[in-house]
Amino acid sequence: MDIPSKYEPSLCEDKWYRYWSDNGFFKSVPDSRKPYTVVIPPPNVTGVLHMGHMLNNTIQDVLVRRARMKGFNACWVPGTDHASIATEAKVVAKLKAEGIDKASLTRDEFMKHAWEWKEKHGGIILEQLKKMGASCDWSRTKFTMDPDMNRSVIKVFVDLYNKGKIYRGVRMVNWDPVALTALSDEEVIYKEVHSKLYYLRYKVEGSDEYVIVATTRPETILGDTALCVHPDDERYKHLHGKRVTVPVVGRSIPVIADSYVDMEFGTGALKVTPAHDVNDYMLGEKYNLEVIDIFNDNGTINDKVGLYVGMDRFELRDKIAEDIAAASLMEKIEDYDNKVGLSERTSAVIEPKLSMQWFLSMGDISKPALKAVMDDVIELVPAKFKNTYRHWMENVKDWCVSRQLWWGQRIPAYYLPEGGFVVAETAEEALELAKKKSGNDKLTVADLRQDPDVLDTWFSSWLWPISVFGGILDPDNEEVKYYYPTSDLVTAPDILFFWVARMIIAGYEYRGTFPFKNVYLTGTVRDKQRRKMSKSLGNSPDPLDLIAQYGADALRMGMLLCSAAGNDLIFDEALIEQGRNFCGKMWNAFRLVKGWSVDEGASQPESAACAVEWFTSKLNATLSQVEAALAEYRISEALMMVYKLFWDEFSGWYLEMVKPAYGEPVDGATLKATIGFFDKLLKVLHPFMPFITEELWHYIAERKEGESIMIERMPEAEAADEKIISDMELVKEIVSAVRNIRKEKGLPLREKLSLVAPGGGAVPERYDSVVIKMAGLDKITADVKPEGALSFIVKGCEYFVPVTGAIDTEAEIAKLTADLEYARGFLASVMKKLSNERFVASAPEKVVALEHAKRADALKKIEALEQQIANLKR
RNA sequence: GGGAGCAUAGCUCAGUUGGUUUAGAGCAUCUGCCUUACAAGCAGAGGGUCGGGGGUUCGACUCCCUCUGCUCCCACCA
């Protein structure tokens, strides 16, 4: 077998992915094993893979691959989300570029364009996920607008409507004048902006007096229908019941008194525009004020008032300010910082707007979902998100589920010709209901008009863990009974409310139980300046480029190394380099072992026997630590443990211990043990780095067609001998000390040294051969202290390395004195505790005993150091 | 304005109910090595008064208070 000298990811990644896929290793069907289920957070159907996906899906793949290797029936369901606003915006933009205006199209024509776009660009991201090694069951791929998914959504809508949980009502909504749709509160981002506070003069009718009103939005005076003051405000008491004139507009409006007004802000007088401010709307309802909506849907002025018709809202702001000033009705203009709501999707300034929308009443159905998380039936990782979750759930508002878009599930409400509406899953069922409702048997489907709006995207994805298994349409099917509830959900905290909370709500409402057991919340991927990675900033590298450059395993490892749950991660290409270097290390370790010739009959050297015995324990100890870390989702730590195990313990120590002399063969027993260790290490590493581990696993032994590391059993931690591990740590310390002497004295490795350990020293005797091999010695003796030797102390025992030539006594003394000072300082700190009566009296016995042990150690060390210094001075 | 969280080596982070050798890791840095798997490497070294101050305790990175700085969530006083 010819082994390339370097690992080339590009040569084996596609090969192995195809192999896994062709052999059906990703596929899952219900069987007698325990299920381990993960549903992917469906990315936007027209999206492309970014670093956030990379992180998120790498974590999922680690969990899924590990579960699969632990004997679970692992099922990772992939899919995409129709992302109604985002996708429709893209299609509208694309049509616009082609000179087609959405308004000129019929709904059906538009949908045809949208589906064409989806077919062309949809699912690219799923192909990209394959590049990173995602072990999804692709035969289960779902799209939130698949026919069965649509039917699930509609069925749920009708069901909730019939339960009285969905209602229709006029509400102030967040209107996006670019996307021309209402947004939920969660889709609005508030941003601090510098703006101006305009002080306008409203003339009091029948008097020469003016009331000054401060506003940031002078253009809304077109819709003013009242002026409000605080009932207790002495400045304005005389105005109660009077009327004032709106500047420029000339409208006469009443002065009302309500304690809503903050007397401290501005002038203490508030203009009331019920159609364009949430709080004003409340005042309007309370005082039965006229509601004048002055805007068209796109943010221009309509003809309700007859002034400034067609002008954009921001142009009007400047224009009306000029006109007010020209009429001498502008008291002053101040600079002012306030927050403005922006659309998450289009960044347009949100216009509060009154409109008829559909709402889901959240109060009752969210209760079990709150309890589940508070009682840790569902665990959030990290747990700090419980607080955030509780706060949101306790103050949950009704969910505006309608969107004024075409791309999505159309609301199944049908309006009757004579008014009123019915809600049904199909037009035919609607017709029956309509006939009953109106008493008109002659009605036809054509007489009914379906609501033009579609449902919020999240109204389909909140069913995802159920609907992907057909659990809405056919609640008792075998699939959903087997796979639901799912095991882990991995997602970003910014969609905790949008998606996670609502899935939990839907889970209890439609399955009577939680949708997933654990929620792992990843951090946000940021650049070195801590800015969120985003397309608009252009600071996000393309994961596919990084895979091409470093390999998928390297990128996966780079992402995992810096990803403590819930913590933001500062992306740094150096981490991917680290991943790539680790791949190189694994590759080279393999090349070393593969290069050995074997003499099956040769007896195993003592050093190799020790090494095998030690690494067996070390490996098992680490395996149980890794298991413990992963059980707590400390994935980054778990990977680091395996990384160090492979690089330091296995490559740095074990392989060096068993490595035969140049040109010599290795004995059969040692080779077999080494291949066995390699096999286990590859398996533990496989979930993190699937490609290189598969490649090497096929190299380290003969494999039959259809065999794969990804379906092998994960090695389980067996008992580890702690004594062997700690003995070897001692050996390592001694070896390091000798190496240090070499380094300080510039003694080359080929020059054999000898070590003298008077009285036997602390090296466990059987490890002599290891020390000799690793430190480059010719022998270890138990002679008396030699003259002209350098020395060191490990665990209170003195060791000597005889050297030829003069020893720099002064330098040695200085070094030893420094050590001595440290030891004395340490002793002092111990003595301080031990001489404190209250410490001895109140500290636990164990702690006191430990301090005594520390004291004994320190005294021993001090004595040895003093002895050494004395010897040198002689 | 309300709430939550964070602050430990140059960087990214561990540090589990306060006591495990006067704080650990990885990366980076410095020094020496092309030693026959690997210079994308090997061997060694340096680096932190655990954000400031106060308190509780025999003992505080760990608990409490306070200040400073940062982050996130919620609210949205015009």
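Read the figures in this text as sums done on the coordinates, not as results from a lab. A quick note: this is a predicted structure, and the numbers were derived from the prediction, not measured. Don't worry about glycine lacking a Cβ; one is built from the backbone with ideal geometry, like all the others, and counts go over all protein chains shown.
Observations, loosely collected:
- Working note: Karplus 6.51/-1.76/1.60 with θ = phi - 60° gives the stretch A:723-732 the couplings 5, 4, 5, 6, 4, 5, 4, 5, 4, 4 Hz, where Gly and Pro are set to x.
- By definition, a body whose alpha carbon gyration tensor gives a ≥ b ≥ c is oblate when a/c is 1.5 or more and a/b is not larger than b/c, and the stretch A:114-194 fits this oblate description.
- Alpha carbon convex hull of the stretch A:530-683, projected area averaged over orientations, nm²: 10.5
- Put simply, the convex hull of the Cα atoms in the stretch A:208-355 casts, on average, a shadow of 9.3 nm².
- Using the Cβ-Cβ distance between A:Met374 and A:Glu751 with R0 set to 56 Å, the FRET efficiency works out to roughly 0.25.
- Vicinal HN-Hα couplings computed from phi for the stretch A:415-430 (Karplus, 6.51 cos²θ - 1.76 cosθ + 1.60; Hz; Gly/Pro x): 8, 7, x, 8, x, x, 8, 10, 10, 7, 5, 10, 4, 5, 5, 4
- Cα-based convex hull volume of the stretch A:727-790 per residue, rounded to whole Å³: 75
- The stretch A:722-868: C-alpha pair distances exceeding 27 Å, %: 31
- Shown is the FRET efficiency for A:Glu285 and A:Ala841, computed with R0 = 60 Å from the Cβ-Cβ distance and rounded to the nearest 0.05: 0.25.
- Cβ-defined net charge surrounding A:Pro9, 14 Å radius [Lys, Arg +1; Asp, Glu -1]: -3
- Scoring A:221-228, A:164-171, A:119-126 by mean Cβ neighbours within 10 Å over their residues and listing the highest first yields A:221-228, A:119-126, A:164-171.
- For the stretch A:59-168: rounded, prolate or oblate by the Cα gyration tensor [a/c cutoff 1.5]: oblate
- Positive-pole candidate from A:Met640, A:Met714, A:Ser597, dipole of the stretch A:567-719, charges at beta carbon: A:Ser597
- Dipole in debye (nearest 20) - chain A, about Cα centre, beta carbon charges: Lys, Arg +1; Asp, Glu -1: 840
- Computed over the alpha-carbon pairs of the stretch A:484-543, the distance histogram in 10 Å steps reads 21, 37, 22, 17, 3 percent, short to long.
- Compared with the dominant principal axis of the Cα atoms in chain A, helix A:147-162 is inclined by about 60°.
- Peptides A:401-408, A:74-81, A:195-202 ordered by packing proxy, namely the average of other Cβ atoms within 10 Å per residue, highest first: A:74-81, A:401-408, A:195-202.
- Taking Cα atoms only, the orientation of helix A:690-700 departs from the longest principal axis of chain A by about 30 degrees.
- Sites listed here are chymotrypsin sites (Phe, Trp or Tyr not before Pro) in the stretch A:655-721 whose DSSP assignment is loop and whose Cβ has at most 16 other Cβ atoms within 10 Å: A:Tyr662.
- For the stretch A:337-477, a Kirkwood hydrodynamic radius built from all Cα pairs, placed in the Stokes-Einstein relation at 37 °C and 0.692 mPa s, yields a translational diffusion coefficient of 176 µm²/s.
- For A:Phe516, residues with placed amide H under 5 Å, excluding near neighbours: A:Thr486
- Orientation-averaged projected area, Cα convex hull of chain A (nm²): 52.8
- Only the Cβ atoms of Lys and Arg (+1) and of Asp and Glu (-1) were treated as charged; on that basis the dipole of the stretch A:673-826 about its Cα centre amounts to roughly 280 debye.
- Above-threshold pairs, the threshold being 32 Å between Cα atoms, out of A:Lys672/A:Lys732; A:Lys131/A:Lys680; A:Lys680/A:Lys752; A:Lys659/A:Lys846: A:Lys680/A:Lys752; A:Lys659/A:Lys846
- The stretch A:794-845 versus the stretch A:6-28: alpha-carbon centroid distance in Å: 56
- Pairs of Cα atoms farther than 20 Å apart, the stretch A:514-590, %: 40
- Helix A:51-69 axis versus longest C-alpha principal axis of chain A: approximately 60°, rounded to the nearest ten.
- Lys, Arg +1 and Asp, Glu -1 on Cβ, resulting dipole of the stretch A:1-62 about Cα centre, debye, nearest 20: 240
- Length gained on full extension, A:Asn338 to A:Glu744, computed as 0.36 nm times the residue gap minus the Cα-Cα distance: 139.6 nm.
- Relative to the globular-protein estimate of 2.2 N^0.38 Å, the Cα radius of gyration of the stretch A:28-86 stands at 1.31.
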